[in-house]
Amino acid sequence: MSKDVFSRIEIVRGDITTQQVDAIVNAANTSLLGGGGVDGAIHRAAGPELLAECRTLNGCPTGSAKITKGYRLPAKYVIHTVGPVYGGGGRAVAEKLASCYRTSLQLAAEHGCRTVAFPAVSCGVYGYPVDEAADVSIGAILAFLEGSAFPERVRWVLFDSVAFSAYEAGLRRAGGAAGTGVS
Ligand code: ADP
């Protein structure tokens, strides 16, 4: 993994709805018609036009993603991805989570997004342990960025200190120099 790739990722604590980035990613459900957690927060901040556009998309399978405009959000786009329910965990579940990150980044790249922010997909009501999710998602993102100039920068926006610490540790395990990419 080149050092350059680590310089393109960062983790912050905060609220994803306020991020000044080209695209924010939503941890949605397969209906794309809104839910609780980060999904509810994004819809509240974006306004009712977001739900109206989501109604035209006919849902989204687990592990995939669809893109809409950001409406009243600072972000130009919302990329709605559907994480797996953790259940008993295992390889297939991890692969679905990695696929969420890959397909979201692919959509971001196709739309010319230079900056993208992710929440901890599946780590709320879908029950994915955040330390495991950190390893899977960091691995998926680093691999994607190795092969793509876009997006230029990826940020995880972690809502609480437990998730933030888990991602910090995950970044160290992945080989990022201590402090690199952590703000
Ligand atoms: P999922 O159904 O994929 O588990 P949730 O929305 O329940 O999605 O939770 C995903 C993660 O998003 C959790 O770690 C939760 O704490 C976090 N979260 C909730 N609200 C926000 C927000 N406004 N900004 C960033 N992260 C958030």
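The values are calculated or read from the model by the stated rules, or taken from the named source; none is laboratory data. Note that this is a predicted model, so its numbers are computed, not measured. Here the Cβ positions follow ideal geometry from the backbone for every residue, glycine too, while neighbour counts run over all protein chains shown. Each accessible area value is taken on the protein alone, full model and side chains, heavy atoms only, with ligands, DNA and RNA left out. Shrake-Rupley method; radii C 1.70, N 1.55, O 1.52, S 1.80 Å.
For (1) open to solvent by less than 10 Å² (accessible area, probe 1.4 Å); (2) near the ligand (Cβ under 7 Å from one of its atoms); (3) under 19 Å from Leu105 (Cα atoms), each residue gets a yes or a no:
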position	(1), (2), (3)
Phe6	no, no, yes
Asp15	no, yes, no
Gln20	no, no, yes
Val25	yes, no, yes
| task | Of the conditions (1) open to solvent by less than 40 Å² (accessible area, probe 1.4 Å); (2) modelled with pLDDT of 95 or more, Gly34 clears all except one; give me its number. | result | (2)
| said: Please determine whether any residue of the stretch 57-67 is away from the ligand (no atom under 14 Å from the Cβ), at negative phi and either among the aromatic types (Phe, Trp, Tyr) or part of a loop (DSSP other than H, G, I, E, B) (or both). | reply: yes
| message | Condition check: within 11 Å of the ligand (Cβ to nearest atom) and in contact with an Asp or Glu (Cβ under 7 Å, 6 or more places away or on another chain). Does Ala166 satisfy that? | response | yes
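One line per residue, one yes/no per condition, for (1) among the small types (Gly, Ala, Ser); (2) within 14 Å of the ligand (Cβ to nearest atom); (3) in contact with a Gly (Cβ under 9 Å, 6 or more places away or on another chain):
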{"residue": "Arg91", "(1), (2), (3)": "no, no, no"}
{"residue": "Ala94", "(1), (2), (3)": "yes, no, no"}
{"residue": "Gln106", "(1), (2), (3)": "no, no, no"}
{"residue": "Cys113", "(1), (2), (3)": "no, no, no"}
{"residue": "Cys123", "(1), (2), (3)": "no, yes, yes"}
{"residue": "Ser137", "(1), (2), (3)": "yes, yes, yes"}
| Residues of the stretch 52-86 satisfying the condition of being within 15 Å of Asn29 (Cβ to Cβ) and open to solvent by 20 Å² or more (accessible area, probe 1.4 Å) | Arg55, Leu57, Asn58, Pro61, Thr62, Ser64, Lys66, Val85, Tyr86
| Residues of the stretch 124-180 satisfying the condition of being in contact with a helix residue (DSSP H, G or I) (Cβ under 7 Å, 6 or more places away or on another chain), without any contact (Cβ under 8 Å) to a residue 60 or more places away in the chain and assigned to a loop (DSSP other than H, G, I, E, B) | Tyr128, Ser148, Phe150, Ala178
| request: Hey, can you tell me all the residues within the stretch 87-106 that are open to solvent by 40 Å² or more (accessible area, probe 1.4 Å) and in a helix (DSSP H, G or I)? | output: Arg91, Ala92, Glu95, Lys96, Arg102, Thr103, Gln106
